[in-house]
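Following: one structure in structure tokens, then a few remarks.
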Amino acid sequence: RKEVEQDPGPFNVPEGATVAFNCTYSNSASQSFFWYRQDCRKEPKLLMSVYSSGNEDGRFTAQLNRASQYISLLIRDSKLSDSATYLCVVKSPRVNYGGSQGNLIFGKGTKLSVKP
Amino acid sequence: DGGITQSPKYLFRKEGQNVTLSCEQNLNHDAMYWYRQDPGQGLRLIYYSQIVNDFQKGDIAEGYSVSREKKESFPLTVTSAQKNPTAFYLCASTRGAANTGELFFGEGSRLTVL
């Protein structure tokens, strides 16, 4: 099983639609979870951290299910400007990196295209 | 405005040549990182540095070298020993030495080997 796995998409949705992405991770000792957004040929930018109780930021809702080892991102009322690739990122302990460092494992990303 | 500046944005290199990618930050961040991104792939960690004059190998350090002589600067050299150097290279930083997961990225350098 890959360390962090995402459906690559693309997800093609109309404006106003609700879309959900899932991400699974293999290391049950993983500590922290994040969603990053990456526009075409640009650098990734942090969208939101994912907290155990779930969290919301405007139209975006992130949830964590530790028992099943998956993270989700829900986007409501999609906008054209939401078109991007969404990267699932998991911080996992790695012996050779030391306790304070951990390692960020990036998923390959899920591409979203919102159409008029 | 504070941020991370990478240069050059685009670079072409002949096989067998070394090339150095610049990364400068004025965020006063302690830790800096180099990642590589290939089409359809997740970012992979090349090297990281938590403090000046110290750096550690990441998952794919072979064929690369770095230095951290100043807090603001973390240049990456892609040597001729790197078998597949064509990629998008991203420099990042975090506030503290420990990686909280909140990375700030530069705009990237796109290297093509001819």
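Residue by residue, here is whether (1) closer than 26 Å to A:ASP39 by Cβ; (2) away from every other protein chain (no Cβ under 14 Å); (3) surrounded by 13 or more Cβ atoms within 10 Å (Cβ to Cβ) holds:
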position: B:LEU11; (1), (2), (3): yes, yes, yes
position: B:GLY16; (1), (2), (3): no, yes, no
position: B:ALA31; (1), (2), (3): yes, no, yes
position: B:ILE46; (1), (2), (3): yes, no, yes
position: B:ASP54; (1), (2), (3): no, no, no
position: B:ALA81; (1), (2), (3): no, yes, no
position: B:LEU103; (1), (2), (3): yes, no, yes
position: B:SER109; (1), (2), (3): yes, no, yes
position: B:THR112; (1), (2), (3): yes, no, no
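Return yes when B:THR79 is farther than 22 Å from A:ILE105 by Cα and out of contact with any Asp or Glu (no Cβ under 9 Å at 6 or more places or on another chain) and no when it is not. Let's see the steps before the verdict.
On the way: farther than 22 Å from A:ILE105 by Cα: yes; out of contact with any Asp or Glu (no Cβ under 9 Å at 6 or more places or on another chain): yes.
Yes, satisfied.
Take B:GLN41 and tell me if it is free of Cβ contacts under 8 Å to residues at least 60 places away in the same chain, within 9 Å of another protein chain (Cβ to nearest Cβ) and either part of a strand (DSSP E or B) or crowded, with 22+ Cβ neighbours inside 10 Å (or both). So that I can check it myself, show each step before the final result.
Working: free of Cβ contacts under 8 Å to residues at least 60 places away in the same chain: yes; within 9 Å of another protein chain (Cβ to nearest Cβ): yes; either part of a strand (DSSP E or B) or crowded, with 22+ Cβ neighbours inside 10 Å (or both): no.
Answer is no for this residue.
Provide a single number: the residues in region B:97-114 that are among the small types (Gly, Ala, Ser) and modelled with pLDDT of 95 or more. Outline the logic, then answer.
Of all residues in region B:97-114, those among the small types (Gly, Ala, Ser) come to B:97-98, B:101, B:106, B:108-109.
Restricting the remaining residues to those that are modelled with pLDDT of 95 or more gives B:106, B:108-109.
Result for region B:97-114: 3.
Working only within region B:17-73, note down all residues that are basic (Lys, Arg) and in contact with a Cys (Cβ under 6 Å, 6 or more places away or on another chain).
At the first step, the residues of region B:17-73 found to be basic (Lys, Arg) are B:36, B:44, B:57, B:68, B:70-71.
Within region B:17-73, no residue meets the criteria.
Being surrounded by 13 or more Cβ atoms within 10 Å (Cβ to Cβ) and either acidic (Asp, Glu) or out of contact with any His (no Cβ under 8 Å at 6 or more places or on another chain) (or both) is true for just one of A:PRO14, A:PRO93, A:PRO10. Which residue is that?
Values: A:PRO14 fails: surrounded by 13 or more Cβ atoms within 10 Å (Cβ to Cβ); A:PRO10 fails: surrounded by 13 or more Cβ atoms within 10 Å (Cβ to Cβ).
It is A:PRO93.
So how many residues does region A:8-28 have that are assigned to a loop (DSSP other than H, G, I, E, B) and farther than 14 Å from A:TYR86 by Cβ? Before the answer, list the steps.
Taking region A:8-28 and keeping what is assigned to a loop (DSSP other than H, G, I, E, B), we get A:8-10, A:15-18, A:26-28.
Then drop every residue that is not farther than 14 Å from A:TYR86 by Cβ, which leaves A:15-18, A:26-28.
Here the count works out to 7.
Checking A:ALA62 against (1) in a strand (DSSP E or B); (2) farther than 22 Å from B:LEU90 by Cβ; (3) touching a residue at least 40 places away in the same chain (Cβ under 8 Å), which test does it fail?
(3)
Restricting to region A:29-59, count the residues that are assigned to a strand (DSSP E or B) and touching a residue at least 12 places away in the same chain (Cβ under 8 Å).
Of region A:29-59, the ones assigned to a strand (DSSP E or B) are A:32-38, A:44-50, A:55-57.
With the extra rule that they be touching a residue at least 12 places away in the same chain (Cβ under 8 Å), the set shrinks to A:32-38, A:44, A:46-50.
So the count comes out to 13.
Here is a list: B:THR77, B:THR5. Which entry is part of a strand (DSSP E or B) and over 17 Å from B:THR94 (Cα atoms)? Spell out how you get there, then give the answer.
Working: B:THR5 fails: over 17 Å from B:THR94 (Cα atoms).
None of the others qualify; the one that does is B:THR77.
Out of the residues in region A:65-102 meeting the condition of being assigned to a strand (DSSP E or B), closer than 25 Å to A:SER53 by Cβ and within 14 Å of chain B (Cβ to nearest Cβ), tell me which one is modelled with the lowest pLDDT. Please lay out each step first, then the result.
In the first step, residues of region A:65-102 are kept if they are assigned to a strand (DSSP E or B); the result is A:65, A:70-75, A:84-92.
Among the residues that remain, those that are also closer than 25 Å to A:SER53 by Cβ are: A:65, A:70-75, A:86-92.
Of the ones still in play, those that are also within 14 Å of chain B (Cβ to nearest Cβ) are A:71, A:86-92.
Numbers: A:ILE71: 96, A:TYR86: 97, A:LEU87: 96, A:CYS88: 96, A:VAL89: 94, A:VAL90: 92, A:LYS91: 89, A:SER92: 81.
Applying the filter and picking the extreme gives A:SER92.
The values are calculated or read from the model by the stated rules, or taken from the named source; none is laboratory data. Note that the coordinates shown come from a computational prediction; the quantities given were computed from them, not determined experimentally. For neighbour counting, all protein chains shown are included, and Cβ atoms are generated from backbone atoms with ideal geometry for every residue, glycine included.
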